[in-house]
Amino acid sequence: MLDVIIIGSGPAGLSAAIYAMRAGLQTLVIEKHPMSGGQVLNTVDVDNYPGLPGIGGFELGMNFRKHAEDLGAQFVTAEVTGIEGVKDEEKVVVTDKETYRCKTLVLAMGATHRMLGVPGEESLRGMGVSYCATCDGAFFRGKTVAVIGGGDVALEDALFLARGCEKVYLIHRRDAFRGARSLQQKVFDTPNIEVIWNSEVDAIEGEETVQMLRIRNNKTGVKQSLSLQGVFVAVGITPETKLVRDLVACDANGYICADENCKTDIPGIFAAGDLRTKPLRQIVTAVADGANAITSVEAYINTR
């Protein structure tokens, strides 16, 4: 029986694998996709990971994987179809290939950004289309960008970007924001933020990088073209927790309830990375979660 199974091989899962191997734990990482790294693989440049400014997302993901492999971590590519015996000393992970048994589980399946689903979004992702203002905002200093959304994250992103960008369009499909009133007032008081109401994106255009945003007023049908260099999509994040929502406590949005020690409400099951409840979802916080999760794993095993 394994000491720990880590489900997911993004930054949180790979960090957990590194710390688990250093702790001498019998460890298995189950990854759904044949390439480790998670969302970081879709990031052209990572400019906020300490000590490695400007590193490519793919390179960073591969470095994480190599570090874990060099320490002896074992990986299998499979899709987890079920988890049994969650309240037992021996937990059973069922995949589409094999069944594995372990003392503890680290859930690190991550989360996915909701996409607009418009022409140009996928092809220009990482080339001006971003889903994280705090990750990529520094690349757009002095430039014109748009933020799409109307919740707290969209308002916070617009305010963050306005500090360095020449102009920020904040585009919302309704005539009122859903975000906190305090944030709304700050947006209205910021001179280089222009709010465009009742509008939706028809297309994102550009040759090699974003150059134009096509939008349409959903009340009047009037179309508008905005010349800009960046589009930040802030229409929500979906945690990859469908598999475990009936097994561990989750909040109303599907995030696993766990604090900095990464403990869930089920002893021996831990949550790390973007799928757990927390205010900031970044590579660096995912990596920290991986370390904290294994610290909690060790403490749990030592009490048995």
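Data table
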| quantity | calculated |
| --- | --- |
| DSSP bridge orientation in the range 18-130 - percent antiparallel, rounded to nearest 5 | 65 percent |
| From phi via Karplus (6.51, -1.76, 1.60), per-residue ³J(HN,Hα) for the range 89-103 in Hz, x at Gly/Pro | 5, 10, 9, 10, 10, 9, 10, 6, 10, 9, 10, 10, 10, 8, 7 |
| Nearest-ten-degree value, helix 57-70 long axis tilted from longest Cα axis of the chain | 10 degrees |
| Quotient of C-alpha Rg and 2.2 N^0.38 Å, computed over the chain | 1.08 |
| Whole-angstrom gap from the range 262-304 to the range 1-49, using each part's C-alpha centre | 13 Å |
| Debye, to nearest 20: dipole size of the range 115-233, +1 on Lys, Arg Cβ, -1 on Asp, Glu Cβ | 380 debye |
| Reachable lysines from K242, criterion Cα separation under 28 angstrom, eight or more residues apart if same chain | K32, K87, K91, K97, K103, K263, K278 |
| 3J(HN,Hα) from dihedral phi, the range 287-296, Karplus parametrisation 6.51/-1.76/1.60, rounded to Hz, x for glycine, proline | 4, 4, 4, x, 5, 5, 4, 5, 4, 5 |
| Fraction of alpha-carbon pairs over 20 Å apart in the range 32-142 - percent | 56 percent |
| From the C-alpha gyration tensor of the range 175-304, square roots of 5λ in Å | 41, 17, 15 |
| Evaluated at q = 0.18 Å⁻¹: base-10 log I(q)/I(0), Debye formula over Cα of the range 115-233 | -0.86 |
| Sequence-separation-based contact order of the range 156-213, relative, with Cα cut under 8 Å and 6+ spacing, percent | 37 percent |
| Expected 222 nm ellipticity per residue - DSSP helices of 4 or more, -39500 (n - 2.57), all of the chain, to 500 | -7000 deg cm²/dmol |
| Pairwise centroid distance, computed over Cα atoms, of the range 180-195 with the range 109-169, Å | 16 Å |
| Efficiency of FRET between E207 and N63 - r from beta-carbon atoms, R0 25 angstrom, step 0.05 | 0.20 |
| Dipole magnitude of the range 68-113, debye to nearest 20 (Cβ charges: Lys/Arg +1, Asp/Glu -1, about Cα centre) | 140 debye |
| Antiparallel DSSP beta bridges within the chain, as percent of all bridges there, nearest 5 | 45 percent |
| DSSP-defined beta bridges in the range 83-210 - what % are antiparallel, rounded to 5 | 40 percent |
| Free-standing Cys residues across the chain, given no other cysteine C-beta under 4.7 angstrom | C102, C165, C250, C257, C262 |
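Since every read-out is calculated from the coordinates, none of them should be taken as a lab result. This one's a predicted model, so the numbers in the text were calculated from it and none came from an experiment. Cβ atoms come from the backbone with ideal geometry, glycine included; neighbour counts cover every protein chain shown.
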